[in-house]
Amino acid sequence: MNETVALDARAAGRPLRIVLVAFYNYQAHAIRMFHPLLRARGHDVHSIFFKNYFTYNVPSQKDEDLVVDLVTRLKPDLVGMSVWSTYYQLAARLTRRIKAAVDPVVIWGGIHAQTRPEECLADADLVCQSEGEAVLAELTDRLGLGRDYRDIQGCWAKSDDGAVIRNPPRPLLQNLDLVPPADLSSENKYYLGFDQWRDVPAWDAEAVSYDVMAVRGCPFQCTFCIHNFTRKDAEGLGTYIRRRSVDHVLRELREAVATRPKLRTIAFSDDIFAPARPWLEEFCERYKKEIGLPFIVFNFPGMVDDRRVALMRDAGLWCTTLGIQSGSERIRRECYGRETTTQTILDACRTLKRHGVGVNLDFIGDNPYETDDDRLETLDLLCALPKPFYFNYFSLTYFPGVDLTERALKDGLIRDDEVEHVAQKGYHLWGGHLMGTRSDEQLYWDVAFGMAVHGFPRAFIRGLMKTDAFRRNIRTFARQMRRVRTIARAKGRLVDYVARRPNLVYQFWADTNRAEMPAEAVLQANFDNSPFSQPV
Ligand code: B12
Ligand code: SF4
């Protein structure tokens, strides 16, 4: 089971030129780690970040041309792309053009490559089936020595006659401290903005938020989420949930603070930040002393308790995101595979409020398995939750390989082309112009939920929903909700300013969309994201 490649060794063969590409994410963790790992092995590494996250706009021809031109000039031996489903078609277009121009070996990894390897092999030479560190170390050694690479463990490849070669899986990396902390220098980094390259040192110098990840894995397997696929896929390959040491994480954060003078917050990307108590105690004590910036984490309602929140609050926790998804216990359990009770959700939010920690709640809408009774339960929950909270309302997106997508396909509720790698809903979904694309029926619920979030009394909302006037004038109501939302957002920002704490919407806006805007104002923070949120 032990990994056979020493990650920190020098390359076995000649040094290579390598280009790594991430899509819609200037802080892509995988690329940020692969870059120093491959450089330490002696290679000339260049990382391209094709637009930033939360910039929801489709790539233009010019965007793609700029990247192809740059890669053509770099003339790499190897190109590695990290591919999420929304960006699959973009990765395929770029790969075809790069291959035609300079013909490097192209390897894809990331979530989409793992869930749809055969389809990805139509364009990539190799598809990484799990974690990339050891695969990249071995692949670059083989390329440097001029050896065949198609039998690398942990990858699928194509044989000469085009057949798919399914190599056995690779064990999961058990000691995450073997991976070098993220490379934060601007050397050989390229950030694509809107139709132009950005000034990377200037961009990083202005950063107000820094993303870090301490954990790989999650104890749950919700039916819409990637762990529903990867956990099964990783069976027998080693411990699934792994954590970096506190030392390793703090080393990276010290570097972030030193290189980004305007940092105001740290964002932990861990799926669930719920470490064992000894880790948490060591982390909280040292983080407070050595970093001291407010931080934000993702958590699970059933894992929020007084003692842990008190510890983290004292260390600087200012906000936590909780996945709620639906107010209906039936939908949470039967449809999403989440066992949390409504009482647990309410208790978690109240505990966080009591400790003065901000609450950022994720909900999923547009679920065909939900009935109106389920939606009314969501309404009731929104009314009952302590206010204010950030409300993130996402339209259900069907990602490949997970149970919910398979079920919806089987039940005939969606077609193949509604699965995300074809649908590419993610380019538009949270774009602020969402309201124009909502049906009257969807708006009926959107408005009701919006009113609940902003503290309208439950009896009033329920009464209003029964009137004909509400349905008949739903678009007028929606416009008014948009105003309420805008005022609430301004108020939230003012309150946070007075309390001298970061504001989540502003923080993400300032970090992701702070330069030139595209002509159309579609920019949208991912947070506080109802159909009525104005673009920021
Ligand atoms: C952190 C995170 C975020 C952060 C990103 C912060 C950051 N700095 O990267 C934030 C909060 C911004 C975010 C946003 C979104 N996210 Co997100 N996010 C994640 C999360 C939790 C972790 C991803 C991660 O970085 N993992 C750590 C790295 C090291 O692991 P990795 O990327 O899996 O890479 C490993 C392997 O895949 C492989 N590998 C990866 N790339 C490559 C490349 C090569 C060449 C090779 C060889 C190997 C390789 O090696 C790596 C480690 O060894 C995942 C869930 C998960 N646990 O995977 C969801 C996830 C990636 N997000 C997802 C989605 C949908 C979104 C949003 C659309 C959510 C939303 N509703 O708005 C937005 C989109 C943002 C945008 N682009 O505009 C989905 C993608 C689903 C899919 N099939 O594509 C995931 C899988 C969650 C889910 N629903 O299942 N996200
Ligand atoms: S708790 Fe969150 S990260 Fe874990 S499986 Fe469920 S949705 Fe995914």
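Given a Förster distance of 45 Å, report the FRET efficiency between residue 14 and residue 417 from their Cβ-Cβ distance, rounded to the nearest 0.05. Present the calculation step by step, with values, prior to reporting the outcome.
Numbers: r = 45 Å, r/R0 = 0.99.
For residue 14 and residue 417, the calculated efficiency is 0.50.
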Exercise for the section: Percent of Cα-Cα pairs per 20 Å bin, from 0 to the last occupied bin, for the chain, please list those. Expected result: 21, 57, 22, 1
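In the range 17-178, what % of DSSP beta bridges are antiparallel (nearest 5)? The partial results should precede the final answer.
Values: 6 of 25 bridges.
Around 25 percent of the beta bridges assigned by DSSP in the range 17-178 are antiparallel ones.
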Problem - the chain - Cys residues lacking any other Cys C-beta under 4.7 Å - result: 120, 128, 155, 218, 284, 319, 335, 349, 383
Exercise for the section: For residue 347 paired with residue 151, estimate the spin-label separation in nm (one decimal), with each label point 7 Å from Cα along the Cα-to-Cβ line. Expected result: 5.6 nm
Fill in the blank from the handout: Note to self: C-alpha centroids of the range 1-51 and the range 121-184 sit apart, in Å, by 12 Å
Fill in the blank from the handout: If amide H atoms are modeled at 1.01 Å from N in the peptide plane, then the residues at a separation of 5 or more from residue 365, or on another chain, having amide H under 5 Å from its own are 394, 395, 396
Exercise for the section: Compute the normalised compactness of the range 394-514: alpha-carbon radius of gyration over 2.2 N^0.38 Å, N being the residue count. Expected result: 1.33
Problem - Amide proton proximity set for residue 194, modelled H, under 5 Å, gap of 5+ - result: none
Exercise for the section: Treating the angle as unsigned and between 0 and 90°, give the value, to the nearest 10°, between the Cα long axis of helix 474-498 and the longest Cα principal axis of the chain. Expected result: 70 degrees
Exercise for the section: Sort 141-150, 168-177, 385-394 for me by packing, meaning the mean count of neighbouring Cβ atoms within 10 Å per residue, highest on top. Expected result: 385-394, 168-177, 141-150
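Provide, as a two-decimal number, the C-alpha radius of gyration of the range 209-263 over 2.2 N^0.38 Å, N being how many residues it has.
On the way: Rg = 15.2 Å, N = 55, 2.2 N^0.38 = 10.1 Å.
Compactness ratio reported: 1.51.
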Practice task
Using only Cα atoms, find the angle between the long axis of helix 61-74 and the longest principal axis of the chain, and express it within 0 to 90 degrees, rounded to the nearest 10.
Solution key: 30 degrees
Completion exercise
For the range 92-97, in residue order, the Karplus 3J(HN,Hα) values (coefficients 6.51, -1.76, 1.60; θ = phi - 60°; whole Hz; Gly and Pro = x) are 5, 4, 5, 4, 4, 6
Problem - Whole-angstrom gap from the range 224-294 to the range 346-412, using each part's C-alpha centre - result: 25 Å
Practice task
Note down, for the range 450-491, the three equivalent ellipsoid semi-axes (square root of 5 times each alpha carbon gyration tensor eigenvalue), biggest first, whole angstrom.
Solution key: 20, 14, 4
Completion exercise
Measuring from the longest principal axis of the C-alpha atoms of the chain, the long axis of helix 246-259 (C-alpha) lies at a number of degrees, nearest 10, equal to 90 degrees
Exercise for the section: Would you mind calculating the relative contact order of the chain from Cα pairs under 8 angstrom and at least 6 residues apart, reporting the percent as a whole number? Expected result: 14 percent
Exercise for the section: Give me the distance in nm between label points sitting 7 Å out from Cα along the Cα-to-Cβ direction at residue 166 and residue 472, one decimal. Expected result: 6.0 nm
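Taking every pair of distinct Cα atoms and averaging 1/r, then inverting, what Kirkwood hydrodynamic radius in Å comes out for the range 17-178? All intermediate terms of the calculation are to be shown ahead of the outcome.
On the way: mean 1/r = 0.0632 Å⁻¹.
Hydrodynamic radius (Kirkwood, Cα only) of the range 17-178 equals 15.8 Å.
Given the Cα-Cα distance of residue 186 and residue 159 and 0.36 nm per residue of separation, how much length would full extension add, in nm?
Values: separation 27, 0.36 × 27 = 9.72 nm, distance 3.81 nm.
Here the answer is 5.9 nm.
Computed from the coordinates by the stated procedures, all read-outs in this text should not be read as laboratory data. What you see is a predicted model; the values in this text were computed from it and never measured. A quick note on method: Cβ atoms are made from the backbone with ideal geometry, for glycine too, and the neighbour counts reach across all protein chains shown.
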